[in-house]
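Before any comments, here is the structure.
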Amino acid sequence: MKLIDALEALKEDPESQSPVLDVHLACGFTPLHLLTFLNAHLRREFPSYKVLIRTGIFGDLLGYLERLERERPAVTVAVIEWADLDPRLGIRRLGGWETRQMFDITQNVRDQATKLSDSLERISGASLVALALPTLPFPPIAFTPGWQSSSFENEVREILAYLASRLARSCNIRVISLQRLDRISPPGSRFDVKSEISTGFPYKISHADALAGLLSRIIRDPLPKKGLITDLDDTLWKGILGEVNVEGIAWDLEHHALKHGLYQMLLTSLAETGILIGVASKNDPFLVEEAFRKAKLMLPRSRIFPIEVGWGPKSTSVSKVLRAWNVGAESVIFVDDNPLELAEVKAAHAEIECLRFPRDDDEAAYQFLETLRDLFGKHLVSPEDEIRLQSIEASQVIAEASQSDGRAPEHFLQKIAGRLTLSFSKNTRDPRPLELINKTNQFNLNGKRHTEVAWRDYLNDPEVFLLLASYEDKFGPLGKIAVMAGRHKGNKFLVEHWVMSCRAFSRRIEYGCLLHVFQKFGAEAGSFDFAPTSRNTPIQGFFAELMGAAPPAGFSISRQQLFDRCPPVYLEIQEHCDE
Amino acid sequence: MNDNRGRLTRCFSAVFPELNERRIASASPKTVAAWDSIATVTLVSVIEEQFGIGVEPDAFDRLVSFSSILSYVEELTASSH
């Protein structure tokens, strides 16, 4: 983005009723164009918000952060440069660069880094923090020539590395990747000495743009994709299984097939973080099973579900995988080396993102791995991520068993020993409720989404209640699978959000939650901010069952109505008190 | 020349969005309340970016109106061709 484009973007006034995104930009230098670019990028990332950015006093980063600890803003953007750690590491103060000062500078950097780190952690208790550590070149202080790294510089960088590692562990602090910044803003072209001297703004315009872009993206935190469906031949491995048999396929250096091994390694890593990995391949099913059994792939068979292999169109196999996962095509990536197959799948599933595996280009293959990491990357790995595949497989077992049992579903539900644990704690540090609200489409009251900022504000309203449901049965735990949020007053309540993971369907968990809410609030009636969407058919069906007719937008039900129409619930329900 | 005027008008409009084209032509720190030191720095940066020129800090004193800036820009762009 050019500066003029950023300024022109700021001329467009958002609608006056738009919610405000309250951002505090904390930096020790005059924010000038960084402020302009940050504002423009945030508007692009949050088009339905009115972005309001405040700044502190020039030269007092720590003082401003300490003030923010009391103000508790929704979003804090902290940009630390060398001079914030010790003014002698900048060029605007003539504090001296003698060798004898280096020990003192190091000590000062250590003290200041600790104070900044402590303050940022305190701010993160109520605020989302986006953090950039020094991006400018280290000044020529040490006695070593520029091509040689000095112990002084390394010691200072070590302090910063420790600070980054400590803060990146916090769930509300996100540290920008300096490696990614290096790629989009070459380190040698960042420092604007003339501007630093004349105005106190140290960045070249292109660097201010790149940094603001990354900070905005880290605040927006786009939702990761949920699943990847891969082809096998010349994609997961090198070779056509039907032609070369199990012994002939390869994925290692020796067989000039390393890129396939790296791809397998990345898929295993993605699977570990809860990303679903499925296979859609035109192949002989027997041979494929043999390949997974005999060949010691980097991606084990247990990490893949389902494997759809046959000679029909790939799009049919993809449909079967999507059905087994119960996720929408828009949350899924399809990978194949053959452009024709990619086009065929895209024609049948317009929303799926199709990526070609670059089997003949090592450079492109490496970039491809980076692209996949970006598409599936997440800030934290939750316990639910770790058990996702297991619970989807269990759900299929339950669905199949339930259908094959002549007395289903009553008999089956009685046997599975379902336990529902409900928590009413409004813990803003737990990302799971918002993740469920933003990712769930099918059992979703109205399809309304929240940004982290808006969600935090919502929960801070004392009238708002939050129910988070966890479930387990004899097939294993499903983790935190449902969220209900709304307002409670007297003997009435209003549900504004209600979502449940599709992994938890068919267990009457929704009835269990509703019964408990009526009981907990001693309510005679409950209202629902319901709105039909193109995807929320399951919740529409639930309400239709409860009310005996298709639900209108926004409605109430009485306790009696619920009791009259509620089927038997075989769950052991416990309320977990952790406030 | 007309092209320079048009491009400079766009720069002014981006920095001072409240000004219409007529007011931009007669703009100076005296006629535009928002024209403070920050606005000067922003305006100079936008002009540098748009015209691909470098404005020395010493020249800031000359850049006191739309017309003086237009003359300065034309001098610089002419000498660079």
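What follows draws every value from the coordinates through simple rules; no lab data is involved. Keep in mind the model is a prediction, meaning the values are calculated, not measured. Here Cβ is always computed from backbone atoms with ideal geometry, including for glycine, and neighbour counts include all displayed protein chains.
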Exercise. Using mean Cβ contacts within 10 Å as the protection proxy, how do A:123-130, A:339-346, A:18-25, A:78-85 order, highest first?
Worked result: A:78-85, A:123-130, A:18-25, A:339-346
Problem set entry | Total charge dipole magnitude, chain A, about the Cα centre, Cβ charges on Lys, Arg, Asp, Glu only, Debye to nearest 20 | 1080
Seminar exercise, completed: The long-range amide H neighbours of A:PHE191, using H built 1.01 Å from N in the peptide plane and a cut-off of under 5 Å, are A:LYS204
For this session: Could you tell me what percent of the DSSP beta bridges with both partners in chain A are antiparallel, to the nearest 5?
Result: 40
Seminar exercise, completed: Under the Karplus relation with 6.51, -1.76 and 1.60 and θ = phi - 60°, whole-Hz ³J(HN,Hα) for segment A:223-235, x at Gly and Pro, equal 5, x, 5, 9, x, 10, 10, 10, 7, 9, 5, 6, 10
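What average count of beta carbons from other chains do you get within 10 Å of the Cβ of residues in B:43-49?
Working: counts 1, 3, 12, 8, 2, 2, 7.
For this peptide, the per-residue mean of nearby foreign Cβ atoms is 5.
So between A:GLN17 and A:ALA295, what do we pick up on full extension, going 0.36 nm a residue minus the alpha carbon distance?
Working: separation 278, 0.36 × 278 = 100.08 nm, distance 6.02 nm.
Gain on extension, A:GLN17 to A:ALA295, equals 94.1 nm.
Taking 8 Å as the Cα distance limit and 6 or more residues as the minimum spacing, I'd like the relative contact order of chain A as a percentage. Walk me through the intermediate numbers first.
Working: 982 pairs, mean separation 54.6, N = 579.
Across chain A, relative contact order equals 9 percent.
Averaged across B:56-62, how many Cβ atoms of other chains sit within 10 Å of each residue's Cβ atom?
Per residue, the number of nearby Cβ atoms from other chains is 1 on average.
Where a ≥ b ≥ c are the square roots of the eigenvalues of the C-alpha gyration tensor, would you call chain A rounded, which needs a/c under 1.5, or, failing that, prolate if a/b is larger than b/c, or oblate? Present the calculation step by step, with values, prior to reporting the outcome.
Working: a/c = 2.22, a/b = 1.31, b/c = 1.69.
Taking the square roots of the gyration eigenvalues as a ≥ b ≥ c, chain A is oblate.
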Problem set entry | Candidates B:ILE38, B:ILE24, B:ILE53, ranked by Gaussian network fluctuation over chain B, Cα under 10 Å, top entry | B:ILE38
Problem set entry | Cα-projected label distance for A:ALA161 with A:ALA343, points at 7 Å along beta-carbon direction, nm | 4.9
For this session: Enumerate the amide H contacts of A:GLY418 below 5 Å, restricted to partners 5 or more residues apart or on another chain; note that Pro and chain-start residues carry no placed amide H.
Result: A:GLU572
Seminar exercise, completed: Ordering A:525-531, A:504-510 by per-residue average of other C-beta atoms within 10 angstrom, highest first, gives A:504-510, A:525-531
Exercise. Which aspartates and glutamates, on any chain, are close to A:LYS474 with Cα under 13 Å apart, when same-chain ones fewer than 8 places away are left out?
Worked result: A:GLU572
For this session: Compute the length gained on full extension between A:ALA417 and A:ARG100: take 0.36 nm times their separation in residues and subtract their Cα-Cα distance, giving the result in nm to one decimal.
Result: 107.0 nm
Problem set entry | Cβ-Cβ FRET estimate between A:GLU410 and A:GLN179, R0 fixed at 56 Å, reported to 0.05 | 0.50
Seminar exercise, completed: Note on segment A:59-186: contact order normalised by length, alpha-carbon pairs under 8 Å, 6 or more apart, percent, works out to 31
For this session: If a/c stays under 1.5 just call it rounded; otherwise compare a/b with b/c (prolate if a/b is bigger, oblate if not). Do that for segment A:227-376, with a ≥ b ≥ c from the square roots of the Cα gyration tensor eigenvalues.
Result: rounded
Problem set entry | Gyration tensor verdict on segment A:354-464 (Cα atoms; rounded if a/c is under 1.5, prolate if a/b is larger than b/c, oblate otherwise) | oblate
For this session: Would you please put A:428-435, A:210-217 in order of how densely packed they are, using the mean number of other Cβ atoms within 10 angstrom per residue and starting with the highest?
Result: A:210-217, A:428-435
Seminar exercise, completed: Between A:LEU467 and residues 5 or more places away or on another chain, the pairs with built amide H atoms under 5 Å apart involve A:MET484, A:ALA485
Exercise. Order of A:ASP360, A:ASP231 from fewest to most other C-beta atoms within 10 Å?
Worked result: A:ASP360, A:ASP231
Exercise. Which chymotrypsin sites (Phe, Trp or Tyr not before Pro) in segment A:240-344 pass both tests, a DSSP loop state and at most 14 other beta-carbon atoms within 10 Å?
Worked result: A:TRP311
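For a footprinting-style exposure proxy, rank B:GLU56, B:GLU49 by other Cβ within 10 Å, fewest first. Don't skip to the answer; put the middle values down first.
Values: B:GLU56 9, B:GLU49 17.
Lowest count first: B:GLU56, B:GLU49.
Can you list which of the trypsin sites (Lys or Arg not before Pro) found in segment B:1-73 are DSSP loop residues with at most 12 other C-beta atoms within 10 Å?
Details: sites: B:ARG5, B:ARG7, B:ARG10, B:ARG22, B:ARG23, B:LYS30, B:ARG62; in loops: B:LYS30.
Answer in residue order: B:LYS30.
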For this session: Give me A:LEU571, A:LEU369 ranked fewest to most by other Cβ atoms within 10 Å of their Cβ, as a rough exposure proxy.
Result: A:LEU369, A:LEU571
Exercise. So how far, in whole Å, is the C-alpha centre of segment A:54-87 from the one of segment A:507-579?
Worked result: 46
Problem set entry | the protein assembly as shown, helix-only ellipticity at 222 nm - DSSP H runs n ≥ 4, -39,500 (n - 2.57), divided by all residues, nearest 500 | -14000 deg cm²/dmol
